[in-house]
1. Assign one of three labels to segment 189-252, namely rounded, prolate or oblate, based on the Cα gyration tensor with a ≥ b ≥ c the square roots of its eigenvalues; rounded applies when a/c is under 1.5, prolate when it is not and a/b is larger than b/c, and oblate otherwise.
2. When only the heavy atoms of the protein chains count and the probe is 1.4 Å, how do TYR152, TYR102, TYR54 rank by accessible area, highest first?
3. Can you give the charge dipole size of the chain about its Cα centre, rounded to the nearest 20 debye, using +1 on the beta carbon of Lys and Arg and -1 on the beta carbon of Asp and Glu?
4. Below 22 Å, Cα to Cα, which lysines can LYS99 reach? Residues fewer than 8 away in the same chain don't count.
5. Between MET379 and TYR152, what FRET efficiency follows from the Cβ-Cβ distance if R0 is 60 Å, with the result rounded to 0.05?
6. Please work out whether segment 305-458 counts as rounded, prolate or oblate from its C-alpha gyration tensor, where a ≥ b ≥ c are the square roots of the eigenvalues and a/c under 1.5 means rounded, while otherwise a/b larger than b/c means prolate and anything else oblate?
7. Put a dot 7 Å past each Cα toward the Cβ at ASP192 and ASN310; how far apart are the dots in nm?
8. For ARG429, tell me the accessible area in Å² from a 1.4 Å probe, rounded to the nearest 10.
Amino acid sequence: MEIMKKNQEFIVEIEDMSEEGAGIGKTDGYTWFIKDTVIGDVVRAGAMKMKKHYGFARLVEVLTPSPARVEPRCPVARQCGGCQLQAMDYQAQLAFKEKKIYNDLCRIGGLKDFKPEDMEPIIGMEDPWRYRNKAQFPFGKDKNGRIITGFYAGRTHAIIEQKDCLLGIEENREILRIIKAFMEEFRIEPYDEAAHRGLVRHALIRKGFATGELMVCLVINGRRLPHSQELAQRLLEIPGMTSISYNINTEKTNVIMGREVVNLYGPGYITDLIGPIRYQISPLSFYQVNPVQTQRLYQTALEFAGLTGNENVWDLYCGIGTISLFLAQKARKVWGVEIIPQAIEDARANARLNAIENVEFFTGRAEEVLPAWYEANHMPADVIVVDPPRKGCDPVCLDTIVKMQPQKVVYVSCNSATLARDVKYLGERGYEVKRVRGCDMFPGGVHCECVVKLERRY
Ligand code: SAH
């Protein structure tokens with residue numbers, strides 16, 4: 001590819017989309033990343049920066065809009081960058097995600113004779129809006145000194161004012177209005193990051209979708225929130241308000257929450273359900289942000305596991321035990337492994353809360369706990385479920401899984417590239433892909449969850 005001058009224009013058709021949500025098109029085999037375009041657009045673009053194998057260009061003009069192009073519903077979709085795919089029709093988003101999973105499994109996973117129709121239809125949402133049960137809004141000031149709240153623009157820490165993210169719950173708006181009026185009335189300053197001064201950093205808002213219970217936790221740069229009872233009184237007017245607290249974070253850090261929570265009203269947690277399993281969620285607990293799709297995803301994992309009630313099952317990377325407790329209803333025994341101690345505490349508390357006794361949880365790395373346990377007990381497994389972070393499973397973990405000879409491995413993943421890499425690894429050691437299904441946990445965003453069922457061939 002000849003080097004183009006900066007701003008030199010060219011015409012290109014967008015064929016794919018990157019992890020960051022930029023459109024991807026090719027000219028003479030050279031790859032371009034072009035923001036603000038969607039798959040199927042034919043655009044005029046201007047070259048910006050060229051590397052050897054790929055370059056970046058800006059959108060100059062959409063010549064032929066993609067049939068999948070829609071007007072983003074959110075007025076700040078472009079600045080926010082939270083919903084990279086909002087300019088794409090939801091069905092086209094789903095098709096894009098399904099294709100990505102398929103391509104990764106073929107190219108990286110090395111699956112032969114695997115056809116698009118071998119995938120089970122991706123599980124989308126009927127209504128792909130207002131699905132998030134959790135939001136964290138930063139507070140700051142605009143150039144006129146007015147208190148604002150919203151979200152950070154792109155990768156910066158400049159706050160763009162926005163009180164009603166369309167992925168969040170409708171109550172967010174009223175809660176933020178109350179907090180802002182309270183700060184103005186009692187002259188409570190928002191936190192200024194650069195100067196490490198001011199009090200109110202973030203508002204954490206959570207809702208139990210099954211129960212309607214609401215939680216507000218104000219994160220402050222200090223040990224005391226003045227007039228806190230007055231704030232609690234006002235927030236209590238919102239139907240469903242169950243837990244009000246503040247969190248102390250006096251560090252100069254990007255981490256949103258500090259360790260200490262001071263309770264102002266309620267039991268210190270809200271309750272929610274995923275399927276039949278009940279959860280107590282405190283301000284510091286991890287909990288899946290899209291509970292509707294979480295239930296469908298884990299239901300799919302349970303179906304792929306095909307349990308009859310006699311199986312010994314492992315749930316690796318178990319977090320707060322959501323999958324473990326789902327599986328425990330149909331297994332002889334489930335063992336969960338998770339690296340974060342607090343998550344394991346929650347997992348155990350969740351088991352007790354639901355009177356589920358056939359589960360046991362270990363704190364530690366899957367690639368350390370599993371081999372040590374197998375060395376000590378020599379007990380094979382019937383089914384092993386994994387739900388690792390984006391980087392996938394450690395090879396030692398995969399090797400141990402193979403040694404334990406489970407009939408089935410159910411792989412839940414939020415990154416189909418590392419999923420495919422691990423599927424290939426297991427494939428070379430006797431495990432064959434039997435079922436594949438995507439589940440869209442993040443409508444509007446580029447990421448997608450996927451469940452694969454593998455079975456032992458020999
Ligand atoms: N199924 C879980 C969520 C899994 S997310 C739930 O429903 O709660 C992936 C989890 O893997 C995270 O909780 C992360 O803390 C954990 N993790 C990351 N690396 C790990 C490792 N090496 N061993 C065990 N757990 C790990």
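The values are calculated or read from the model by the stated rules, or taken from the named source; none is laboratory data. Since the model is a prediction, treat every value here as computed from it, not as a measurement. Glycine gets a Cβ as well: all are built from the backbone with ideal geometry, and neighbour counts include every protein chain shown. Surface accessibility is based on the protein's heavy atoms, side chains included, excluding ligands, DNA and RNA. Shrake-Rupley method; radii C 1.70, N 1.55, O 1.52, S 1.80 Å.
1. Numbers: a/c = 3.05, a/b = 1.91, b/c = 1.59.
Here segment 189-252 falls in the prolate category.
2. Reading off the accessible areas and sorting them downward yields TYR54, TYR152, TYR102.
3. Numbers: 60 positive and 59 negative charges, 159 e Å.
Dipole of the chain, to the nearest 20 debye: 760 debye.
4. Cα-Cα hits under 22 Å: LYS26, LYS35, LYS112, LYS115, LYS391, LYS424, LYS434, LYS453.
5. Plugging the Cβ-Cβ distance into 1/(1 + (r/R0)^6) gives 0.80.
6. Working: a/c = 1.43, a/b = 1.11, b/c = 1.29.
Rounded.
7. Each label point lies 7 Å from its Cα, and together they span 7.1 nm.
8. So the heavy atoms of ARG429 present about 80 Å² to solvent.
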